[in-house]
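The values are calculated or read from the model by the stated rules, or taken from the named source; none is laboratory data. Keep in mind that this is a model prediction, so the values were computed, not measured. Virtual Cβ from ideal backbone geometry, glycine too; neighbours counted across all protein chains shown. Only protein heavy atoms, including side chains, enter the accessible area calculation; ligands, DNA and RNA are left aside. Shrake-Rupley method; radii C 1.70, N 1.55, O 1.52, S 1.80 Å.
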Amino acid sequence: MMENLKEESILEPEATAKCNLLQRETSLNDELCNQEMDTQVEEQQPTKHFLKQAGAGETSLHEELLNQEMDTQGEKQKPSKHLLEQEGTGETSLHEKLCNQEMDTQDEDQKPTKRKLEQAGAGKHKSIQKKLSHLEDLANQADGLKKPCPLCPEDLFKSCPITKLLRHLQNFHWKVSVEFEEYRMCICYLPCLQNTAQNENELPNKTSAHYHCIICSATVARRRTEMLRHIKCHVEKGETQVMPSVFSRPQKILHESNTEVQVLPNCNTPQQSGTFFNPIMKTNRQLIFCALAVLTEERQPLECLDAFSATGIMGLQWAKHLGNSVKVTLNDISDSSTAIIRENCQLNKMKVLMKSEEKSEVVVIEEKFVNTVEVTQMDANVLMHTRSFDFIHLDPFGTSVNYLDAAFRNIRNQGIVSVTSTDTGSLYAKTVHVTKRYYGCNIIRTEYFKELAVRIVLAAIARAAARCNKGIDVLLSVALEHFVLVIVRVLRGPSLADESLKMISNLIHCHWCEERIFQKEGTMLEENPYKQLPCDCHESMPGRSAALLGPMWSGSLFNTSFLRRMLYKATSQDIVEIHTLLKTLICESECITVKQFSVHPIQYSQGKRKRQHMNMVPKRLKNDTRAEHPPFYYSIHRHAIGGLNLPKLNKILQYLSEAGFLVSRTHFDPTGIRTNAPLATIKAILEKNSSLSHTSQSSSCKDTPEAITEESLTEEMASVSDVK
């Protein structure tokens, strides 16, 4: 029995071991089967095979597989929810977002103008608001108990509590606003119109009521009815598309003299655009460029100023073609003009130096540029009072008399000042009272009104220079249809200023024959000033037959040597458009015809006396050959004799030249001649060399003897028939 028990005790552990081995094999087989099933599931659904890791140990592998199947079915039914859970934005479904986007697009399609206005609202003036609450929020941005009005300056409406300020905004700004496309253009009292063409007669610190247009960003002054009329014009023209701001308007690029400038579409109308570009003034810009090029031969580098740059095209042409010989400063007080100047500088690869009025810091934008241009945003008078320049160009909108004192204050010796005046209404005697107000000159409409305008501007320039103890030397004077251009050289010294003032005198003008002569110098009154006129109209027609015009410039209008150097520069720079004009100016300054014109100036002999004389002449005048030309010109058509055909203008010049008089054509009038011959001699030459017209020939045939005999025979036959 004991042996049997021992055998059983020995066999039992062997059986248990075998059972354990069998259980392990079955468990391993089950695990292998489960792994095969897992791999099959993962192949069918590769994106969902790692939801739970194997080390969890809490649930069996079978339960995990069931959970995975349930998850995959739920994910297939709700894919948008699964995507949102992956992005971490499980608040709203993708379906709701798509629906909202569709609704937004439908609203935008129904209201495109509203969308444009909302996009443009950020760049508009702060006086343009959609609701009164928006204007109140603008007022609440200021700190403190007392808040200033956002649309009024401090001197007009002082800071006050918010309740009073809200009443002020509602009654003073919102009630007089102009509505357009759910926006309100409130009235503004800020100094937006300061130093503009509309308020050029006002004091610098004076502000006026105005509106800002939401369509074209123009500033419309004075009354609400004018703003309504302005909006109505836009609607009638179909211009109802709102521009976001002045700087983001669609722009076009213009090319002139190898210089590119981008301008606004309404650049020809300065009231609708902050910038102004006139392509008709191309001749003006070319003449000024040639004058500056001549000055660069005398000294380098030159500090040049374009006080009213607008688009900056003139200063960019200086910097691009003259290179390092000039240091150009472009100035304009307008924000939009300054922004466009910076863009045009970058367009022409110019380095921009910005110097603000408040801070003295200079901001440099560096890239690969051709030249450097300084851009300033200051009042022109302030800039010219604080800095010195070698060349200054003034081209304001209208008269330039308000800037002459500042221009001559700090201009360097031997510098050049060019003045362009576009107030042709007052200079060409259309508004005589304005001429008296600006220039202090009596003027009437005459046949030589353009030269009269030039002499009036020169008199104002000479007086402004004399107040700064400076004299002037006139280099160029041009008067065309749209502008009057005068270029003078500045000569320092009180004696030179006195000499310039001596060239200002009055003019005696005959009403009947339009003969004219400058009044003789002197302080004593003459008994009969009509005797100074070369005509005898006062004797044949007693009474007040003449007028006293002026005071005006009585000296020369041109410098011949300077004009010849300008012609040379125009040829070298390939500026062909002004060759004819410069040749006419040279002939006019020397009072010669075109046939007598020569490209090379007259060479003077270098004798002993001549050398001594040249040593006594100042250095600035050693190269200047000046020939005094007769003042004023005569219009041939104005003095034509009735019934006679005038000869050609070149023939008239030839007849006067053969008679021993100085004669030339003039750029002021295509039918005018400049000569020192009296008007009676001109009329005699015209009468002698004119031919009879067709109507006069037919009338003269009736006065011949044959016609007289035929008329007498017909009369005798008629009398005989009556007697019978």
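Out of 466, 479, 497, one residue alone is at pLDDT 95 or above and closer than 30 Å to residue 280 by Cα. It is 479.
Kindly indicate whether any position in region 539-546 is part of a strand (DSSP E or B) and either open to solvent by less than 70 Å² (accessible area, probe 1.4 Å) or not acidic (Asp, Glu) (or both). Break it down into steps so the answer makes sense when it comes.
Keep residues of region 539-546 that are part of a strand (DSSP E or B), which gives 546.
So of that shortlist, the ones also either open to solvent by less than 70 Å² (accessible area, probe 1.4 Å) or not acidic (Asp, Glu) (or both) come out as 546.
Within region 539-546 (the criterion being part of a strand (DSSP E or B) and either open to solvent by less than 70 Å² (accessible area, probe 1.4 Å) or not acidic (Asp, Glu) (or both)), the answer is yes, since at least one residue qualifies.
Here is the figure for region 640-695: residues that are closer than 23 Å to residue 449 by Cβ, in a strand (DSSP E or B) and open to solvent by less than 50 Å² (accessible area, probe 1.4 Å) total 6. Considering 338, 329, the condition of being open to solvent by less than 10 Å² (accessible area, probe 1.4 Å), of a type in the set (Val, Ile, Thr) and modelled with pLDDT of 90 or more is satisfied by 329 alone. So residue 578 fits all but one of (1) crowded, with 17+ Cβ neighbours inside 10 Å; (2) more than 15 Å from residue 283 (Cβ to Cβ); what number is the exception? Residue 578 satisfies all of (1) crowded, with 17+ Cβ neighbours inside 10 Å; (2) more than 15 Å from residue 283 (Cβ to Cβ) except (2). Scanning region 428-483 for residues that are surrounded by fewer than 17 Cβ atoms within 10 Å (Cβ to Cβ), under 27 Å from the mean Cα position of the chain (by Cα) and among the basic types (Lys, Arg) turns up 430, 437.
When region 655-686 is filtered for residues that are over 15 Å from residue 630 (Cβ atoms) and either free of Cβ contacts under 8 Å to residues at least 12 places away in the same chain or among the charged types (D, E, K, R) (or both), the ones remaining, listed by number, are 658, 670, 683, 684. Residues in region 523-569 that are among the charged types (D, E, K, R) and touching an Asp or Glu at 6+ places or on another chain (Cβ under 9 Å) were compared, and the one that is farthest from residue 586 (Cα to Cα) is 569.
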